[in-house]
Amino acid sequence: MKKLVCTLIVMLFLWLTNAFADISAPEIIKESWHRYRLLNTEKEKLELAITYKKGRKRHCSLVRYTRFSLKKEDKILLFFQAPAYDRGIGVLTWRKAEGNSDQWLYFPATKRVRRISASKQGQYFGGTGYQSDFTYEDIRQLIGERMSDFDYKFSGEDNDEQYIIIAMPKPETKTSYGQRKIWIRKTDYVILQVDYFDKKDHLIKTQTNSRFVLEKSGLWRPKKVEMENFSKKRKTVLVFVSRDINPKLKNGIFTKRFLDKGQWE
């Protein structure tokens, strides 16, 4: 009997090993974002700190509203609350399942909404007279990516704890990056790190997600996201101060009219 039990355990172990070995790179990416996106809406308050080459720092407070869509046509509103001279600066993003996403930028000083063209998505997002290390492309990419735009493969560096996957944009994909190298934790499929390369395969920056928290809804979320920019010799750290899962958000929040009125909390 003991021999039979041992045999069954070994067979189960081998079956599980083969099952996980057979999972493909695209399936891992898909599962990772599927788990991240198991909600309808999200509201987050965050602190942003930028450290420059010589140690100078900037701090600001932001709020991010997100409405997720099963069709991947998400809507994101990000705006500054502090410092006072940045209050009201906002970026509205409408992601699309196909074609270019729509993005608009509002500056209270000019009192006008400006469309961000697809050719400008590689520009760094920031406040009055300064930039962070997150681009407009990153703003929409941080909550999910359109997998049809990329080819995925294993890097060949996988270990017992992480999958390491290369995401390569397809020739027709409009992106400011070349390849990305993505580290995904095997136990829960959370993204731990992303290396961003330019189109000449030079490392531009590294994003590190840490201090993961299991929310009441069962979702894993990082409390800290760090972007170290090697080309600019600069670092931006996002710390999520609070997070509300599935709050009631009016559709009117995600409109140019709302952005233009500057109806901030």
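The values are calculated or read from the model by the stated rules, or taken from the named source; none is laboratory data. Computed from a prediction, not measured in an experiment: that's the story for all the values here. In this analysis, Cβ positions are derived from the backbone assuming ideal geometry, glycine residues included, and neighbour counts consider all displayed protein chains.
Within the stretch 250-260, can one find any residue that is among the hydroxyl-bearing types (Ser, Thr, Tyr), surrounded by 14 or more Cβ atoms within 10 Å (Cβ to Cβ) and either modelled with pLDDT of 95 or more or farther than 19 Å from Leu38 by Cα (or both)?
yes
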*asked:* If Asp188 satisfies all but one of (1) buried (at least 18 other Cβ atoms within 10 Å of the Cβ); (2) closer than 19 Å to Ile28 by Cα, what's the number of the condition it fails?
replied: (1)
*Name every residue in the stretch 102-112 that is touching a Gly at 6+ places or on another chain (Cβ under 9 Å) and either within 11 Å of Val91 (Cβ to Cβ) or surrounded by 16 or more Cβ atoms within 10 Å (Cβ to Cβ) (or both), in order of residue number.*
Trp104, Leu105, Tyr106, Phe107, Pro108
_Can you pull out every residue in the stretch 175-228 that is over 18 Å from Asp133 (Cα atoms), hydroxyl-bearing (Ser, Thr, Tyr) and at pLDDT 95 or above?_
Thr187, Tyr189
*Pull up the stretch 28-66, narrow it to residues that are surrounded by fewer than 18 Cβ atoms within 10 Å (Cβ to Cβ) and among the acidic types (Asp, Glu), then point me to the one that is farthest from Tyr124 (Cα to Cα).*
Glu31
*Determine which single condition Ala25 fails, assuming it passes every other condition in (1) surrounded by 14 or more Cβ atoms within 10 Å (Cβ to Cβ); (2) under 16 Å from the mean Cα position of the chain (by Cα).*
(2)
*Looking at (1) surrounded by fewer than 18 Cβ atoms within 10 Å (Cβ to Cβ); (2) out of contact with any Pro (no Cβ under 8 Å at 6 or more places or on another chain), can you tell me which one Phe212 breaks?*
(2)
*Inspect the stretch 226-241 for any residue being under 26 Å from Trp33 (Cβ atoms), of a type in the set (D, E, K, R) and without any contact (Cβ under 8 Å) to a residue 60 or more places away in the chain and give the result as yes or no.*
yes
_It is to be established whether one or more residues within the stretch 119-135 are touching a residue at least 24 places away in the same chain (Cβ under 8 Å), surrounded by fewer than 21 Cβ atoms within 10 Å (Cβ to Cβ) and touching a Leu at 6+ places or on another chain (Cβ under 7 Å)._
no
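Condition check ((1) at pLDDT below 95; (2) within 15 Å of the chain's Cα centre (by Cα); (3) small (Gly, Ala, Ser); (4) over 27 Å from Asp133 (Cα atoms)) across all residues:
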residue: Met1; (1), (2), (3), (4): yes, no, no, yes
residue: Ile9; (1), (2), (3), (4): yes, no, no, yes
residue: Phe13; (1), (2), (3), (4): yes, no, no, yes
residue: Thr17; (1), (2), (3), (4): yes, no, no, yes
residue: Tyr52; (1), (2), (3), (4): yes, no, no, no
residue: Gly55; (1), (2), (3), (4): yes, no, yes, no
*Just need a number here: residues in the stretch 46-57 that are part of a loop (DSSP other than H, G, I, E, B) and either under 22 Å from Arg87 (Cβ atoms) or among the aromatic types (Phe, Trp, Tyr) (or both).*
2
*Would you call Glu145 without any contact (Cβ under 8 Å) to a residue 12 or more places away in the chain and more than 20 Å from Lys256 (Cβ to Cβ)?*
no
*Check the stretch 163-176 and report whether any residue there is surrounded by 14 or more Cβ atoms within 10 Å (Cβ to Cβ) and of a type in the set (Asp, Glu).*
no
